[in-house]
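The values are calculated or read from the model by the stated rules, or taken from the named source; none is laboratory data. All of these numbers come straight from a predicted model, not from anything done at the bench. Cβ placement follows ideal geometry from the backbone for every residue including glycine, while neighbour counts extend to all protein chains displayed. Surface areas here come from the heavy atoms of the whole protein model, side chains and all, with no ligands, DNA or RNA. Shrake-Rupley method; radii C 1.70, N 1.55, O 1.52, S 1.80 Å.
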Amino acid sequence: MTEITALQIQQFYNDKYNGGLTANTIKHYHANIHKALKYAIKMDLFPNNPSEKTELPKLKKFQANFYNAEELEEFFKAFKGDRLELVVNIAAYYGQRRSEVLGLKWDCIDFDRKKITIRRKLIYRMGETDDELVVEEELKTRASIRTLPLIPHIEAMLKERFFLEQYYSNLLKGDFDRTFDGFVCRDNFGKIITPNYTTQHFQIVLANNNLRRIRFHDLRHSCASLLFFKIFCLHYQKFQYMGYFHK
């Protein structure tokens, strides 16, 4: 470890960035490396921290993008029957992050009280040889843990998913993957839907259906557009019934 140089670390950053990783991802790599070397200095294993001499790629300002109500309608049609159908619907209707949707477990769904609770995340964390898929059982702040009403549309999708999971579990028996038992967002073989697959497949579906390109994270912004449209439709029907609008 004492032979690690700033040049080697810089080359690592450059290779990752040129290989397609974003400046923000490189920043996270740097934070972990810097923290590890800082601890090594504290334990008298290192005379100095070579990561402090490196330069990181500049972060690009990304302007948030979102779909309007009409685009969302086409968006949901494109994902109908797709492996990500439930994932994108939960993200769009509740404004959840990718990690929160994928970290959802059945113990967070209360069908009797019509509630859904967000309390854990499914993320990748840098391991010894490669990124590891891990579950964070606790979110960072109390505000991140929230209980929301179970929207009828989502409730129906969740019940269908639960039925299919029981069906394929009994059908496939030992061939059904039980590594992530208890998680909601799995396929018919029991395999967990991963963050990387979600991001990559999301873009593929958009491209195949000639939909405007947005990030999966932008569904959080589209959520506001969707809710506004639903509220407008609700009040429009109400006012129409009261005679304020002509049919």
Are there any pairs with C-beta distances below 6 angstrom linking a residue in region 145-174 that is farther than 17 Å from D110 by Cα to a residue that is among the small types (G, A, S) and at pLDDT 95 or above, with the two at least 6 apart or on different chains, and if so which? none
For helices (runs of 4 or more DSSP H) lying entirely in region 1-89, having 2 or more residues that are over 24 Å from the mean Cα position of the chain (by Cα) picks out 6-18, 23-42
Based on this model, can you work out whether R212 counts as surrounded by fewer than 14 Cβ atoms within 10 Å (Cβ to Cβ), modelled with pLDDT of 95 or more, more than 18 Å from R83 (Cβ to Cβ) and charged (D, E, K, R)? no
Anything in region 184-207 that is touching a residue at least 40 places away in the same chain (Cβ under 8 Å) and either in a helix (DSSP H, G or I) or open to solvent by less than 10 Å² (accessible area, probe 1.4 Å) (or both)? List them, or say none. V184, C185, I193, P195, N196, T198, T199, H201, F202, V205, L206
Out of the residues in region 19-62 meeting the condition of being β-branched (V, I, T) and in contact with a helix residue (DSSP H, G or I) (Cβ under 9 Å, 6 or more places away or on another chain), tell me which one is surrounded by the fewest Cβ atoms within 10 Å (Cβ to Cβ). T25
Count of region 90-119 residues which are open to solvent by 10 Å² or more (accessible area, probe 1.4 Å), in contact with a Pro (Cβ under 8 Å, 6 or more places away or on another chain) and part of a helix (DSSP H, G or I): 2
Selection within region 161-183 - assigned to a helix (DSSP H, G or I) and touching a Gly at 6+ places or on another chain (Cβ under 9 Å): E165, Y168, S169, L172, D175
